[in-house]
Amino acid sequence: MAIEGKADGIKLGRIRLGMVGGGAGAFIGAVHRMAARLDDRFTLVAGALSSTPEKAQASGRDLGLDPARIYSDYRQMAIREAKLKDGIEAVAIVTPNHVHFEAAREFLKRGIHVICDKPLTSTLSDARKLQALAAESDALFILTHNYTGYPMVRQARAMVERGDIGTVRLVQIEYPQDWLTDAVEKSGSKQAEWRTDPARSGAGGSTGDIGTHGYNLGAFVSGLELDELAADLDSFVEGRALDDNAHVLLRFKEKDGVRAKGMLWCSQVAPGHENGLQVRVYGTKGGLEWTQKDPNYLWFTRHGEPKQLITRMGAGALAEANRVSRIPPGHPEGYLEGFANIYTEAAEAIRAKQSGAALDPAVIYPTVDDGMKGMIFVDACVRSSKKNGAWVKV
């Protein structure tokens, strides 16, 4: 991210960060740590990195943490760090979904800012409690819907807002993967084990894991609010307790005299798709297409004219995209950079909160309210599917 104009944050120094979860072998913990470091806005100083004390200690040592700040559980960490003069200012929660609520609660009630992986929680009731806690706390709550950090996603959102495609009519979202095509949860894959376990993942399988990303992205770009949906969920792999494929019809609330419609397909049993997230938004004057496999490109079509390719930092790129880009056009930026943009936006918000300064309105990050919308989406999908795909209000 270009960091001109970020002098206030730099003067205050790096934000002292703790981490809950993310020990040895945990993919998403390493991603969060890389994202936090990329723009030099955070430094990891403490962690409760595993629910297994021995693994927590070993993981902390591997990361070079002070042994006195490697904790056996997150509550102990929250209590002690809140009392330290140089205690953590923010915590990253990168555990399975069922831990999110209680871990976030311990830090929020002590005024420590929370950066939490998605989805918000494992249950809708916990999500509502967490939303209320975040509203009462002086600390910020940031949810890492990282795809909203991509420059060309910000570009698409800005183009919709300024009316380049007219009034939105259609929103099409796809997020297919293939890694759960077989019952890998029964062959030792820890990532698959907890993601297919209702007690740890929640009511949604593919809907909660990747469907929430797709839904969030569609809403972020289009600026629309969901009104109702009809969902058909399947667990194609025998014995699997949660959905591994979902087809969802969407009806959005009326905006500018139009009630837009949409479709969302998310699947983890689609061979040939590694991470096929894409969003297409069509309006009265044109359309936009973005795919995560080629994240530096955005296709824009004015109605009746040839397609136009807009590139990151290239001709036609808007300020909203350029402010979250780091390197010149023609050099690819991708997943880690998009993730890092969420962390850097979080750093801006945290430093503004601490100093009492007004936050730059260009700073955008997903909040607890975005997480709540994702939980409501999953709940509505499950309710609809149980009613044979009936339309349900969100």
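With contributions of -39500 (n - 2.57) from each DSSP H run of at least four residues, the per-residue ellipticity at 222 nm computed over the chain stands at -10000 deg cm²/dmol. Taking the Cα centre of the chain as reference, the dipole from Cβ charges on Lys and Arg (+1) and Asp and Glu (-1) amounts to some 660 debye. Based on Cα atoms of segment 7-146, Rg over Rh with Rh as the Kirkwood radius reads 0.94. Simple spin-label estimate for His303 and Ala183 gives 5.2 nm between the two label positions (7 Å along the Cα-to-Cβ direction from each Cα). Legend: distances between Cα atoms for Lys261/Lys373; Lys255/Lys285; Lys186/Lys387; pairs beyond 22 Å are Lys186/Lys387. Shape analysis of the chain based on the Cα gyration tensor places the equivalent ellipsoid semi-axes at 32, 27, 19 Å, largest first. By the count of neighbouring beta-carbon atoms within 10 Å, fewest first, Lys55, Lys85 end up ordered Lys85, Lys55. Here's the list of aspartates and glutamates a cross-link from Lys293 could span, going by alpha-carbon distance under 17 Å and ignoring same-chain residues fewer than 8 apart: Glu174, Asp178, Glu274, Glu333, Glu337. In plain terms, the bigger the Kirkwood radius, the slower the diffusion; for segment 261-337, with that radius from Cα pairs, at 20 °C and 1.002 mPa s, Stokes-Einstein puts D at 150 µm²/s. Treating each Cα of segment 317-394 as one equal point scatterer and applying the Debye formula with no solvent, the log10 of I(q)/I(0) at q = 0.16 Å⁻¹ comes out as -0.78.
Counting every other Cβ atom within 10 Å of each residue's Cβ, Val363, Val269, Val153 order from fewest to most as Val363, Val269, Val153. Of Cys381, Cys116, the sequence from fewest to most neighbouring Cβ atoms within 10 angstrom is Cys116, Cys381.
Any read-out appearing in this document is the output of simple, stated calculations on the displayed coordinates, not a laboratory observation. Everything numeric in this text was worked out from a predicted model, so none of it was measured. Positions of Cβ are backbone-derived with ideal geometry, glycine not excepted, and every protein chain shown enters the neighbour counts.
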